[in-house]
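What follows is calculated from the coordinates using simple rules that are stated; it is not laboratory data. For clarity, every value in this text was computed on a predicted model and none was experimentally measured. As a convention, Cβ positions derive from the backbone with ideal geometry for all residues, glycine included, and neighbour counts pool all protein chains shown.
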Amino acid sequence: MSEITGGCLCGAVRYACAAPAVMTALCHCTHCQKQSGSAFSVNVGIPKGSLQFTAGKTTSYEDKGTSGLPVHRHFCAQCGSPIFSDVEATPQLDWLKAGTLDDTSWVKPSANIWCASAQGWVPYPEGAPQFPQNPPAG
Ligand SMILES: [Zn+2]
Ligand SMILES: [Zn+2]
C-alpha cells in the first residue's frame, strides 16, 4: 500500500497520510449514523497526528462520546463531507472516513462496534468481530 490520500466531495479539502492504517472499524453508533447519513461509519484508524492537509482544511463539530470525552468530528465546510474524527478517548488514533479515500481497494473491516444500535438489515462482514459497544480496552 502506498501513501494514503483522499479528499472531500467538492475537492476543497485534500489530505495525505504517510503512516499505514492500523485497523478499520465499522461503527454503528447513533452519532455516526446521524453524521454520515448512512447506516454506519467506516472508520480507518491511523496514528494520531499523521494526517496532513494538502489542500484546504476541515471545520469541526465537537461531539461527546459515551466516555464523556469530546469527539471532534471534522468535515468540509463547503460540501459537508465527513473527513475524520479526533476521538479523545483514543489518544493513539485518528479515524479517517473510508469513503473519502482515493483508493479503497485495500480497506478491510477488522471490527464492528456499537452493534447494539446497528440498523436491522445490516449484514456483517466475515472475520470482523462484533462488539455491542466499544471493544474492551487492551
Ligand atoms: Zn468539500
Ligand atoms: Zn460511531
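The alpha carbons of region 4-117 stretch over 36, 28, 26 Å along the principal axes, in descending order. Of the residues S67, S117, the one with the fewest other Cβ atoms within 10 Å heads the list, and the complete ranking is S67, S117. Net charge near I4, counting Lys/Arg +1 and Asp/Glu -1 over other residues with Cβ under 13 Å of its Cβ? With Lys, Arg at +1 and Asp, Glu at -1, the net is -2.
A straight Cα-to-Cα reach below 25 Å connects K57 with the lysines K34, K48, K97, residues fewer than 8 places away in its own chain not being considered. Ranking of H31, H74 by neighbouring Cβ atoms within 10 Å, starting from the fewest: H31, H74.
Among E88, E62, E126, a tally of other beta-carbon atoms within 10 Å of each Cβ gives an order, fewest to most, of E126, E62, E88.
Only beta bridges with both residues in the chain are counted; by DSSP, about 90 percent of them are antiparallel.
If each of A12 and Y124 carries a label point 7 Å out from its Cα toward its Cβ, how far apart are those two points in nm? Each label point is offset 7 Å from its Cα along the Cβ direction, giving 3.9 nm. Note on the chain: GNM, Cα springs under 10 Å; of F40, F53, F75, the largest mean-square fluctuation is that of F53. Computed from the mean reciprocal separation of all distinct C-alpha pairs, what Kirkwood hydrodynamic radius does region 26-83 have, in Å? Taking the inverse mean of 1/r over all distinct Cα pairs, region 26-83 comes out at 12.6 Å. The distance linking region 1-50 with region 80-96 is 8 Å (Cα centroid to Cα centroid, whole angstrom). As a length-normalised measure over Cα pairs under 8 Å and 6 or more apart, the relative contact order of the chain settles at 26 percent.
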